[in-house]
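Notes follow the structure.
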Amino acid sequence: MMKEMVFIFPEDVLGEPRRGAKISYSGDTRFNGDLIRKALDSDILIHESTFSIEDSDEAVLTGHSTTEDAANAARLSKSKVLFLTHISSRYNNKRKLLEEARSIFRRTYLARRNMKVVVFTENEYTSLHIYG
């Protein structure tokens, strides 16, 4: 039987606030200003990049992004790292697409199926699995 009430407040059990990892994901879409605002200062931006810059007309018609769109999203959102995903199977030379994006945003990488990325923030790390 409890004889007196004990109150526990957040400050009794929580440490100092610390920044976690911010990971933003762009689904299957065109360049979007809302994404830029929501992805601001992301540690990682995962962005679909279905088409090469050379096929930007088709990207517009089909509602997809290009390597240029993805790289500009990373640059404008001030993301630290960009991973390109959802690249069309028509491209045998994915390195060319990577170079297109890197000409705009240097810290760009190609996502691979079942890729695992470790994100370090302050004194901690977070593990991220990319399944796409």
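The values are calculated or read from the model by the stated rules, or taken from the named source; none is laboratory data. Predicted model, so just to flag it, every value in this text is computed and none were measured. Ideal geometry is used to build each Cβ from the backbone, glycine not excepted, and the neighbour counts take in all protein chains shown.
Test S52 against the criterion of being modelled with pLDDT of 95 or more, surrounded by 24 or more Cβ atoms within 10 Å (Cβ to Cβ) and among the small types (G, A, S), and give yes or no.
Criteria not met by S52.
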(request) Output the residue which, of all residues in the stretch 62-87 that are assigned to a loop (DSSP other than H, G, I, E, B) and buried (at least 16 other Cβ atoms within 10 Å of the Cβ), is nearest to the chain's Cα centre (by Cα). (result) S79
(message) Of everything in the stretch 1-25, what is over 28 Å from D69 (Cα atoms) and among the small types (G, A, S)? Give them in sequence order.
(response) G15
(request) Scan the stretch 1-43 for residues that are in contact with a Lys or Arg (Cβ under 7 Å, 6 or more places away or on another chain) and of a type outside the set (G, A, S) and jot them down. (result) L40, D41, D43
(request) Report yes if L45 is modelled with pLDDT of 95 or more, under 26 Å from G20 (Cβ atoms) and either assigned to a strand (DSSP E or B) or of a type in the set (G, A, S) (or both), otherwise no. (result) yes
(message) Considering only residues that are within 19 Å of D28 (Cα to Cα), basic (K, R) and surrounded by 11 or more Cβ atoms within 10 Å (Cβ to Cβ), which ones fall in the stretch 103-115?
(response) R112
(request) Can you confirm whether the stretch 89-102 contains a residue that is within 20 Å of V119 (Cα to Cα), among the hydrophobic types (A, V, I, L, M, F, W, C), in contact (Cβ under 8 Å) with a residue 40 or more places away in the chain and surrounded by 13 or more Cβ atoms within 10 Å (Cβ to Cβ)? (result) no
(request) Starting from the stretch 8-19, take each residue that is surrounded by 10 or more Cβ atoms within 10 Å (Cβ to Cβ) and list its partners that are not in a helix (DSSP H, G or I), counting only C-beta distances under 8 angstrom and pairs at least six apart or across chains. (result) R19/T121; R19/E122
(request) Test each condition in (1) under 24 Å from R19 (Cβ atoms); (2) surrounded by 15 or more Cβ atoms within 10 Å (Cβ to Cβ); (3) not hydroxyl-bearing (S, T, Y) for V118 and report the one that comes out false. (result) (2)
(request) From (1) modelled with pLDDT of 90 or more; (2) more than 14 Å from the chain's Cα centre (by Cα); (3) surrounded by 13 or more Cβ atoms within 10 Å (Cβ to Cβ), pick out the condition that doesn't hold for I36. (result) (2)
(request) Tell me which of these S24 doesn't satisfy, since it passes every other one: (1) touching a His at 6+ places or on another chain (Cβ under 9 Å); (2) at pLDDT below 95; (3) surrounded by 14 or more Cβ atoms within 10 Å (Cβ to Cβ). (result) (2)
(request) Tell me, yes or no, whether the stretch 50-61 has at least one residue that is within 15 Å of the chain's Cα centre (by Cα), part of a strand (DSSP E or B) and closer than 30 Å to L98 by Cβ. (result) no
